[in-house]
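Below you'll find the structure, written out as structure tokens, and then a few comments.
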Amino acid sequence: MAASLYGLIARFDTAPEIYHAAEQVRDAGYKNWDCITPFPVHGLDGAMGVRRSHVPKFSLLGGITGFITGMSMIWFMNSVDYPLIVGGKPYFSPLFAFPVAYELTILFTAFATIAGMFIMNLLPQHYHPVLKSKEILRGLDDAFYVVIEARDPRFDLARARALLTQAGAKEISELEA
Amino acid sequence: MAHAHSDHPAPAILAEVNPAPLPRATLVENNRSLNWVTEKICGIIEAPTPKWWWIAFAVSGFLALFTIAGIAYLVAAGVGVWGHANPVNWAWDIVNFVFWIGIGHAGTLISAILCLLRQKWRTSINRAAEAMTIFAVVCAAIFPVFHVGRVWFAVLPGYLFPFPNSNAIWPQFRSPLEWDVFAVSTYGTVSVLFWYVGLIPDLAILRDRFYKAGNKVKSFLYGIFAMGWRGSNRHWSNYEMAYLILAGVSTPLVLSVHTIVSFDFAVSLLPGWHTTIFPPYFVAGAIFSGFGMVLTLMLPLRAIFRLEDLITQYHIDCMCKIVLATGTIVGYAYGMEFFIAWYGANPYEGFAFINRAFGHYAWAYWIMIGCNVITPQFFWFKKVRQNIAFVWVLSIFVNVGMWFERFVIIVTSLARDFLPSSWGYYSPSAVEIFTFFGTFGVFGVLFLLFIRFLPIMPMAEIKAVMPQADVHGGHDKH
């Protein structure tokens, strides 16, 4: 056995196969495991038992911040710090301030969404056992993999192998950490 | 594509009724495998640089020098080197700005709006269209920044962007010109971010392919930007959500940006400018011209790189139909403007439109009508849509026509406003002409670099819409 075993990686060749395999791994009670797919496979989240993403929370926060920033910035600049009289109109109105605040809402939502996605994915992570493996080349191209990590409390090398074989894996190898 | 729905068992009624399967167009023809897609797209980057690319790059680079020279001369000698003179103080500069921004909008429409509308055919063209958007925004931004004359005041000390400055002054936020600053900046930034996020999985593919081929330098460079992407489904889950949110946020963005650009004119009092039709009219026109440019770019790429299985006749049909629809909206807007000018019984408004058609700029007006109203109508006919060369020529006409539309709107209203003693005729100076044509060179340089070094199609998204992606093994249930 490798001195530092990260886990097992098993190859499946089609989307339906990995879908059903994922259901079995989920039902077997594993928690520290993942699927490697070349594209987002429709329905695989449910098969894995992955909950809804938390990214929208970041987006909402970003959007609210953007809107408040826009409105307060304009209020401060055009009404408090250097009041500008334009056509005898009020110094500040949410109507004229709206377009800029709207654009800042969108901008900050975009920043927050991307930041949220990176944070939730713990990216950038340029080192990872899967990235060292030979399987990653096909995992991003045309094959589908299930990875079960050795740190999972239920992990047992023989039993995990048996489960994956029984789920239809074409090839199973060990990942070194 | 991002819909995170979980599986429901099929309702019993379906077994009873047994509906016929809906024929759906094949998005990738000839039963290609997933690996074929990867090899096809990566092959373009991994192959040695083709000779035509060097020639095109040299020509574009040379053209781009015109813009650089024109801008340098403008900053050194002042705005007087342009043909602007009372009463026409906005001319080619603003026409070019609106022209390029409009082109950019198609990219965002394809990426964001077609994503929300679940139009799977967008996957073959969205990366190149998004790149087109970014480069178009770069070309567009040149003009509002440099047309102010004292550029060093515009950008940093706070005339455009609200920075503290020595006069302790802030911009005036009631002005659409200021709204433009935020709109265009936001649009450029969000477009780049959306494009980059889409690139991450594909950069990972290239990272690993270059590593396997032994090219450690390229693998490292692509790998930096790939952020360590490893195709994890837990990552895809967050990624798809982020993509969907970005698409959802880019949709109102693209609609608002060109609306705000149209406000530059609509909030004024000039006849021909001061109409409420401008926002939807400009947005439709932007999409129209943008799709024209997408066709202009993608059809040659399709032929050169033999991408017929990825950009199929169905894709071309869809793009032509969008050109037809938006072109018809633009034509309708022309008619409506004319009608309201008559119906509103405002003599200045009425004159403005008669003058457009029969005055000193009538030549520009009729080019515009021919290119924008008549040209797209050819796309009603299937035979026309299937003739790729003809479609390409028509797409050029669309772009020419949309440039002339902005020219007609801006220059005719300024040249003949309320008071006849103010009237004047505008002609562009050589500097303006060279600066504008040079921007095609700038665009060309950027686009050529894009197709040389980055995957021109999103491999992961294309694979996701192929039949192999269906977990139920073949039937597409939505």
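One line per residue, one yes/no per condition, for (1) assigned to a helix (DSSP H, G or I); (2) out of contact with any helix residue (DSSP H, G or I) (no Cβ under 6 Å at 6 or more places or on another chain):
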| residue | (1), (2) |
| --- | --- |
| B:268 | no, yes |
| B:271 | no, no |
| B:283 | yes, no |
| B:296 | yes, no |
| B:301 | yes, yes |
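The condition of being more than 30 Å from residue B:247 (Cα to Cα) and surrounded by 18 or more Cβ atoms within 10 Å (Cβ to Cβ) holds for only one of B:104, B:70, that being B:70.
Yes or no: residue B:435 under 15 Å from residue B:96 (Cβ atoms), in contact with a helix residue (DSSP H, G or I) (Cβ under 7 Å, 6 or more places away or on another chain), more than 14 Å from chain A (Cβ to nearest Cβ) and of a type in the set (Ser, Thr, Tyr)?
Numbers: under 15 Å from residue B:96 (Cβ atoms): yes; in contact with a helix residue (DSSP H, G or I) (Cβ under 7 Å, 6 or more places away or on another chain): yes; more than 14 Å from chain A (Cβ to nearest Cβ): yes; of a type in the set (Ser, Thr, Tyr): yes.
So residue B:435 fits the description; yes.
Out of all the residues in the range B:167-183, is one or more touching a Leu at 6+ places or on another chain (Cβ under 6 Å) and surrounded by fewer than 22 Cβ atoms within 10 Å (Cβ to Cβ)? Yes, because at least one residue in the range B:167-183 is touching a Leu at 6+ places or on another chain (Cβ under 6 Å) and surrounded by fewer than 22 Cβ atoms within 10 Å (Cβ to Cβ). None of A:74, A:36 is at the interface with chain B (Cβ under 9 Å from one of its Cβ atoms) and touching a strand residue (DSSP E or B) at 6+ places or on another chain (Cβ under 6 Å) except A:36.
Which members of the range A:102-117 meet the condition of being surrounded by fewer than 21 Cβ atoms within 10 Å (Cβ to Cβ) and within 9 Å of chain B (Cβ to nearest Cβ)? I'd like the intermediate steps shown before the answer.
So the first thing to find is which residues in the range A:102-117 are surrounded by fewer than 21 Cβ atoms within 10 Å (Cβ to Cβ), and the list is A:111, A:115.
Scanning the range A:102-117 gives a single hit, A:111.
Looking only at the range A:20-63, residues that are buried (at least 17 other Cβ atoms within 10 Å of the Cβ) and polar (S, T, N, Q) come to 3 in all. Exactly one residue among A:85, A:18 is within 11 Å of chain B (Cβ to nearest Cβ) and under 24 Å from residue B:461 (Cα atoms), and that residue is A:18.
I'm trying to understand the selection: among the residues of the range B:154-166, which are surrounded by fewer than 18 Cβ atoms within 10 Å (Cβ to Cβ) and not in a loop (DSSP other than H, G, I, E, B)?
Of all residues in the range B:154-166, those surrounded by fewer than 18 Cβ atoms within 10 Å (Cβ to Cβ) come to B:155-157, B:161, B:163-166.
Result: B:155, single match.
Filtering B:16, B:39 for residues that are of a type in the set (D, E, K, R) and either assigned to a loop (DSSP other than H, G, I, E, B) or more than 14 Å from chain A (Cβ to nearest Cβ) (or both) leaves a single hit, B:16. Report whether or not residue A:123 is part of a loop (DSSP other than H, G, I, E, B), closer than 30 Å to residue B:188 by Cα and within 9 Å of chain B (Cβ to nearest Cβ). Spelling it out, residue A:123 is indeed part of a loop (DSSP other than H, G, I, E, B), closer than 30 Å to residue B:188 by Cα and within 9 Å of chain B (Cβ to nearest Cβ).
Are any residues in the range A:126-165 assigned to a helix (DSSP H, G or I) and either within 20 Å of residue A:47 (Cα to Cα) or within 7 Å of chain B (Cβ to nearest Cβ) (or both), and if so, which ones? Selection gives A:130, A:131, A:136, A:137, A:139, A:160, A:161, A:162, A:163, A:164, A:165.
Could you please let me know if residue B:137 is aliphatic (A, V, I, L, M), crowded, with 17+ Cβ neighbours inside 10 Å and either touching a strand residue (DSSP E or B) at 6+ places or on another chain (Cβ under 6 Å) or in a helix (DSSP H, G or I) (or both)?
Working: aliphatic (A, V, I, L, M): yes; crowded, with 17+ Cβ neighbours inside 10 Å: yes; either touching a strand residue (DSSP E or B) at 6+ places or on another chain (Cβ under 6 Å) or in a helix (DSSP H, G or I) (or both): yes.
Spelling it out, residue B:137 is indeed aliphatic (A, V, I, L, M), crowded, with 17+ Cβ neighbours inside 10 Å and either touching a strand residue (DSSP E or B) at 6+ places or on another chain (Cβ under 6 Å) or in a helix (DSSP H, G or I) (or both).
Just checking, which of B:221, B:253 is modelled with pLDDT of 95 or more, buried (at least 21 other Cβ atoms within 10 Å of the Cβ), outside any loop (DSSP other than H, G, I, E, B) and of a type outside the set (D, E, K, R)? Full working, then the answer.
Values: B:221 fails: buried (at least 21 other Cβ atoms within 10 Å of the Cβ).
Just one listed residue meets the conditions, B:253.
Cβ separations smaller than 9 Å between residues 6+ apart or across chains give the following pairs from the range B:198-223 residues that are farther than 20 Å from residue B:458 by Cβ and within 11 Å of another protein chain (Cβ to nearest Cβ) to residues that are hydroxyl-bearing (Ser, Thr, Tyr) and surrounded by fewer than 21 Cβ atoms within 10 Å (Cβ to Cβ): B:211/B:219; B:212/B:219; B:213/B:219; B:220/B:211.
The values are calculated or read from the model by the stated rules, or taken from the named source; none is laboratory data. Just so it is clear, the model here is predicted, and its values are computed rather than measured. With ideal geometry, Cβ positions are generated from the backbone for all residues, glycine too; neighbour counts draw on all protein chains shown.
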